[in-house]
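The values are calculated or read from the model by the stated rules, or taken from the named source; none is laboratory data. Being a predicted model, the structure only gives us computed values, none of them experimental. All Cβ positions, glycine included, derive from the backbone under ideal geometry; neighbour counts span all protein chains shown. Only protein heavy atoms, including side chains, enter the accessible area calculation; ligands, DNA and RNA are left aside. Shrake-Rupley method; radii C 1.70, N 1.55, O 1.52, S 1.80 Å.
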Amino acid sequence: FALEFTSRRAGLAGAAGKNWNAVMMASLAGMAVIRGLLVPTAHVGGHFTYSAKAAIGVLHGREMVLAGLGMGVCGAVAGTCFHKSVSFLKSAIWRKNESSKAVVIGKKVLLAMLIGYISTLFPQTMFWGEPSMQCMVDGQCTPFSATPHGIPAAMMQAAIVNPNQPFASGSAALQVGLAKFSAIALASAAKFPGGVIFPLLSNGASLGHALVSALGPVLPTASSSLVPPMMIMSFMAAMLTSITRTPAASVLILAFTASGITPLSVLLPGALMASYVSVWVSERLSKDSFFSYSE
């Protein structure tokens, strides 16, 4: 991820290419020490499951191509909207050479309160760590309260969409997705510390469920179809890569964090297609990008 992160395009910057072998050796050595010596008996593999239940499903080639291309374009649009929104908010909130610390602190407090208010209406926007993302990945078939960190009942009293019940409709998934989108954009514009990788993946999952619901009439009706979970994974990858420009690394993150029952050989080709398409489309939608690059 760090190597791909150095380029605004779907590739590696010159310095990253030169350091490829050294980075791979360091990464593998770290894995060997951690997995082989420090935690030798810990289970290997991820924990995210992309469907409500384990099932051997099917995915045809045309379905994979159409879904991969479509999710790539949709992810590029969503990602471009995100970094444009952050840029707009930054220009609206912060003045150049803001000198008063009291004003800066006051603005940050107000922004934090606004994000907190969003979380009272949509507790799903509170990212409590990786395990909470499972709720978004499977459309809240995993209740929020069942995750390791849980969520107190008092924090759900004003919830517009119950975080402990599966999405009742595409509208419910869309509301959660837009709320999460707003919360991340506000936090980024406020310059609060923290990363965007897993929050954006979580956001992509909820928006992906909204798309799956909207396209329901034209999707395969068989319960064994793997089109919906592939669309979810593909949109997650596409939305993230349109912002970070890390197509291969983003798909690897999804692969390594997926559970052992996830049919990766079926889902990953479409996700990889969506990831690269997202970068290529994003470059054409906007010359600007969320991060700054030297080359």
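The single residue among L268, L264, L252 that is modelled with pLDDT under 90 and more than 30 Å from S91 (Cα to Cα) turns out to be L264. For I243, indicate whether it is under 18 Å from C135 (Cα atoms) and either of a type in the set (V, I, T) or free of Cβ contacts under 8 Å to residues at least 40 places away in the same chain (or both). No, not satisfied. Every condition in (1) open to solvent by 40 Å² or more (accessible area, probe 1.4 Å); (2) outside any helix (DSSP H, G or I); (3) not aliphatic (A, V, I, L, M) is met by F198 except one, and the failing one is (2). Scan the stretch 181-195 for residues that are closer than 25 Å to V251 by Cβ and open to solvent by 60 Å² or more (accessible area, probe 1.4 Å) and the total you get is 2.
Only residues that are aliphatic (A, V, I, L, M) and under 30 Å from V103 (Cβ atoms) were counted in the stretch 148-200, giving 11.
Taking the criterion of being assigned to a loop (DSSP other than H, G, I, E, B) and aliphatic (A, V, I, L, M), no residue of the stretch 79-105 qualifies.
Only one entry of T41, T80, T49 meets the criterion of being open to solvent by 80 Å² or more (accessible area, probe 1.4 Å) and of a type in the set (S, T, N, Q), and that entry is T41. Scanning the stretch 119-150 for residues that are over 26 Å from G45 (Cβ atoms) and either acidic (D, E) or not in a helix (DSSP H, G or I) (or both) yields F122, M126. If the condition is being part of a helix (DSSP H, G or I) and either of a type in the set (G, A, S) or at pLDDT below 90 (or both), then the stretch 201-226 contributes S202, G204, A205, S206, G208, A210, S213, A214, G216, P217, V218. With respect to (1) surrounded by fewer than 19 Cβ atoms within 10 Å (Cβ to Cβ); (2) at pLDDT 90 or above; (3) touching a His at 6+ places or on another chain (Cβ under 9 Å), the lone exception for I232 is condition (1).
For L267, the criteria (1) under 14 Å from the mean Cα position of the chain (by Cα); (2) within 24 Å of R62 (Cβ to Cβ); (3) open to solvent by less than 20 Å² (accessible area, probe 1.4 Å) hold in every case but one, which is (1). When residues in the stretch 98-149 are screened for being of a type in the set (D, E) and surrounded by 15 or more Cβ atoms within 10 Å (Cβ to Cβ), 2 of them pass.
Under the condition of being aromatic (F, W, Y) and modelled with pLDDT of 90 or more, which residue from the stretch 156-197 is nearest to T142 (Cα to Cα)? Among those residues, the one meeting the criterion is F167. Applying the criterion of being among the aliphatic types (A, V, I, L, M) and at pLDDT below 90 to the residues of the stretch 40-88, the residue that is nearest to G139 (Cα to Cα) is A52.
Checked against the criteria, A154 does not count as in a loop (DSSP other than H, G, I, E, B) and open to solvent by 20 Å² or more (accessible area, probe 1.4 Å).
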